[in-house]
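Here is the structure we will look at.
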Amino acid sequence: MSIASLIKKGILTPLGKRVNEPTSLSINSRTLEKGGIFIAIPGFQHDGTDYIEEALTRGATGIVAPAEFKAQIKARFANSYPDVSFFITPEIRKAASYLAVEFYPLQPQNIVAVTGTNGKTSVVTFTRQIWAQMNLPAASLGTLGLIIEGKPLPPPTGTAGLNTPDPIRLHQILHMLKEDNIDHLAFEASSHGLHQNRLDSVRFKAAVFTNFTNDHLDYHQTMESYFEAKCRLFQELMVHDRDSFAVLNTDILEYEKLKTLSRKRGLNLLTFGKAGETIRIKSIVPKEGSQAVSLTVEGKSYDFNLPLVGEFQVYNTVAALGAVMACGGKMTSALEACEKLQGVPGRLEIAAQGVYVDYSHTPDGLKLALKALRPHTKGKLIVVFGCGGNRDAFKRPLMGEIAHQLADKVIVTDDNPRYENPADIRQQILAKCPGALEAASRREAIKMALKEMKPKDVVLVAGKGHETYQLIGDQAFPFNDVEEVQKCMNL
């Protein structure tokens with residue numbers, strides 16, 4: 001690792017003449033190894049600068065802090081720790097990414113980043129599955145953790161649940177994959193990760209944009225800021241290269257904006273959707289547990305059977321096809337792989353006959369899930385859902401209204417209430433969902449739905465999907481929607 005190169009580039013400014021080359025990196029003082037460098041990042045819950053002294057007592061040989069902390073470092077630490085290198089930087093989060101890639105320089109040759117509000121997990125999973133069917137060593141990284149196809153490698157600890165890990169962990173993963181000759185990786189680029197510069201040193205082959213709807217306004221505050229965070233991937237992080245691609249959904253309102261900024265960046269365009277120029281969806285015919293899909297790909301017609309339900313899964317599949325194409329994959333082989341795709345846990349997962357569990361926790365996600373199941377429902381469509389606490393409160397009545405409009409029977413229950421009063425959350429949903437039933441216990445709500453269920457009815461249990469816990473206050477209680485459904489049905 002070369003600290004000197006980062007000093008030369010103006011990323012780091014040393015406070016003194018001593019420049020130690022660290023043996024490791026950390027943004028967590030508790031996991032810092034002796035001889036390592038501690039990057040003191042101000043956070044939203046914890047401020048890294050509060051833990052500089054702890055890092056020093058643990059044996060840090062270097063400290064990187066925000067530029068505004070310069071005077072405090074000189075006053076509190078510099079004289080007391082003469083053998084330690086102290087650095088400041090104008091952009092601490094970017095500096096973390098630059099340090100990470102210096103320390104872990106290897107990366108897979110074909111890296112695809114997937115951003116958007118919904119579908120990220122499915123797209124990266126499908127992309128990995130398609131590559132694997134084409135006999136290409138591949139991995140995916142996101143909400144479900146690091147998954148390596150065909151490789152008995154244990155994923156790095158702490159990756160599950162982080163759809164975009166911190167830059168140090170991310171570059172450790174990239175380095176490890178390349179060392180193991182895995183040159184194909186698809187990962188989720190969350191708006192948080194993009195805004196917090198976690199991806200600033202990744203060398204991308206392609207960037208995919210799925211869709212854009214309401215979410216994460218507790219963090220971004222406005223839809224404009226939320227969209228700008230996602231656009232960073234195309235505007236700033238994708239490097240102009242004749243082999244770099246922007247893979248865009250033509251059927252969303254934001255397409256023209258994304259196309260313009262991608263072209264301005266000098267990226268190749270690969271488009272998909274019903275109006276797609278590269279991959280055009282010609283028709284989708286729902287079948288029992290699957291869909292017959294017809295596409296036009298660069299002027300050639302293709303038909304295949306997708307063993308998943310829901311039009312949105314067709315969009316997720318063609319987005320994955322676009323990613324594979326951008327990395328040089330042959331369409332005939334890729335389409336053969338699509339006929340063997342396995343759904344993502346918690347994404348319209350079949351828990352029992354006629355009962356689906358889905359992660360849809362946004363207005364658009366709930367709408368897509370209910371619309372996806374309607375063609376497969378010959379009786380009534382019943383939905384069980386709630387909304388998370390300490391998250392976007394404005395979406396609660398919206399989701400209530402969507403459930404009222406698209407389902408035949410609605411049962412409103414708790415999701416992950418966290419620190420909010422669960423009854424207040426339910427009332428905000430019920431305000432726009434007249435006639436809905438209410439059950440505080442999620443377990444009882446699922447039982448109610450299954451008791452209501454008659455032959456030819458379909459039940460959707462929405463909101464938590466793959467999660468195996470329920471967050472109440474500061475505790476995580478074991479809870480799995482699929483298991484609860486199966487217990488109720490004695491499966």
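The values are calculated or read from the model by the stated rules, or taken from the named source; none is laboratory data. Quantities reported herein were computed from a predicted structural model and do not represent experimental measurements. In this analysis, Cβ positions are derived from the backbone assuming ideal geometry, glycine residues included, and neighbour counts consider all displayed protein chains.
Okay, here's what the table says:
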| item | result |
| --- | --- |
| Pick from the stretch 238-267, criterion of a type in the set (A, V, I, L, M) and not in a helix (DSSP H, G or I), ranking: surrounded by the fewest Cβ atoms within 10 Å (Cβ to Cβ) | LEU253 |
| The stretch 1-27 residues that are over 12 Å from PHE103 (Cα atoms), paired with ones that are polar (S, T, N, Q) (beta carbon under 6 Å, 6 or more apart) | LEU12/THR89; ARG18/SER85; VAL19/SER85; ASN20/THR61; ASN20/SER85 |
| Residue satisfying condition, being in the same structural domain as GLU452 (by TED's automatic domain parsing), acidic (Asp, Glu) and within 24 Å of ALA476 (Cβ to Cβ), within set ASP358, ASP364 | ASP358 |
| Selected residue (criterion: surrounded by the most Cβ atoms within 10 Å (Cβ to Cβ)) from residues of the stretch 46-62 that are within 16 Å of ARG93 (Cβ to Cβ) and touching a strand residue (DSSP E or B) at 6+ places or on another chain (Cβ under 7 Å) | GLY48 |
| ILE7 vs. criteria aliphatic (A, V, I, L, M) and under 17 Å from LYS94 (Cα atoms) | yes |
| Any hit, the stretch 310-324, residues being assigned by TED's automatic domain parsing to the domain that holds SER122 and of a type in the set (Asp, Glu) | yes |
| Residue in the stretch 421-432 that is of a type in the set (Gly, Ala, Ser), farther than 21 Å from THR468 by Cβ and surrounded by 19 or more Cβ atoms within 10 Å (Cβ to Cβ) present | no |
| Filter pass, GLU256 being closer than 30 Å to ALA229 by Cα and free of Cβ contacts under 8 Å to residues at least 12 places away in the same chain | yes |
| Meets criteria (assigned to a loop (DSSP other than H, G, I, E, B) and either in the same structural domain as ILE281 (by TED's automatic domain parsing) or on the phi > 0 side of the Ramachandran plot (or both)) for GLY346 | yes |
| Condition check for GLY328: at pLDDT 95 or above and on the phi > 0 side of the Ramachandran plot | yes |
| Test: ALA139 is crowded, with 22+ Cβ neighbours inside 10 Å, under 18 Å from MET325 (Cβ atoms) and at pLDDT 95 or above | no |
| Helices (runs of 4 or more DSSP H) enclosed by the stretch 361-450 - at least 3 residues per element that are charged (D, E, K, R), closer than 22 Å to PHE212 by Cα and within 24 Å of the chain's Cα centre (by Cα) | 363-373 |
| Criterion: under 23 Å from LEU460 (Cα atoms), of a type in the set (Val, Ile, Thr), touching a residue at least 40 places away in the same chain (Cβ under 8 Å) and surrounded by fewer than 21 Cβ atoms within 10 Å (Cβ to Cβ) - qualifying residue of THR377, THR317, THR362 | THR377 |
| Which numbered condition PRO455 misses (of (1) within 20 Å of ASP364 (Cβ to Cβ); (2) surrounded by fewer than 20 Cβ atoms within 10 Å (Cβ to Cβ)) | (1) |
| Residue under evaluation ARG280, criteria (1) touching a helix residue (DSSP H, G or I) at 6+ places or on another chain (Cβ under 8 Å); (2) at pLDDT 95 or above; (3) buried (at least 18 other Cβ atoms within 10 Å of the Cβ), criterion not met | (1) |
| Only listed residue being under 16 Å from MET134 (Cβ atoms), out of contact with any strand residue (DSSP E or B) (no Cβ under 7 Å at 6 or more places or on another chain) and surrounded by fewer than 16 Cβ atoms within 10 Å (Cβ to Cβ), chosen from LYS287, LYS330 | LYS330 |
| Verdict on VAL19 being of a type in the set (A, V, I, L, M, F, W, C) and crowded, with 16+ Cβ neighbours inside 10 Å | no |
| LYS464 vs. criteria touching a residue at least 40 places away in the same chain (Cβ under 8 Å), buried (at least 24 other Cβ atoms within 10 Å of the Cβ) and among the charged types (D, E, K, R) | yes |
| Residue ranges of helices (runs of 4 or more DSSP H) in the stretch 1-114 with at least 3 members closer than 20 Å to HIS192 by Cβ and of a type in the set (Phe, Trp, Tyr) | none |
| Breaking point among (1) modelled with pLDDT of 95 or more; (2) closer than 23 Å to THR222 by Cα, for ARG391 | (1) |
| Verdict on GLY435 being surrounded by 20 or more Cβ atoms within 10 Å (Cβ to Cβ), closer than 23 Å to PRO363 by Cα, touching a residue at least 24 places away in the same chain (Cβ under 8 Å) and not hydroxyl-bearing (Ser, Thr, Tyr) | no |
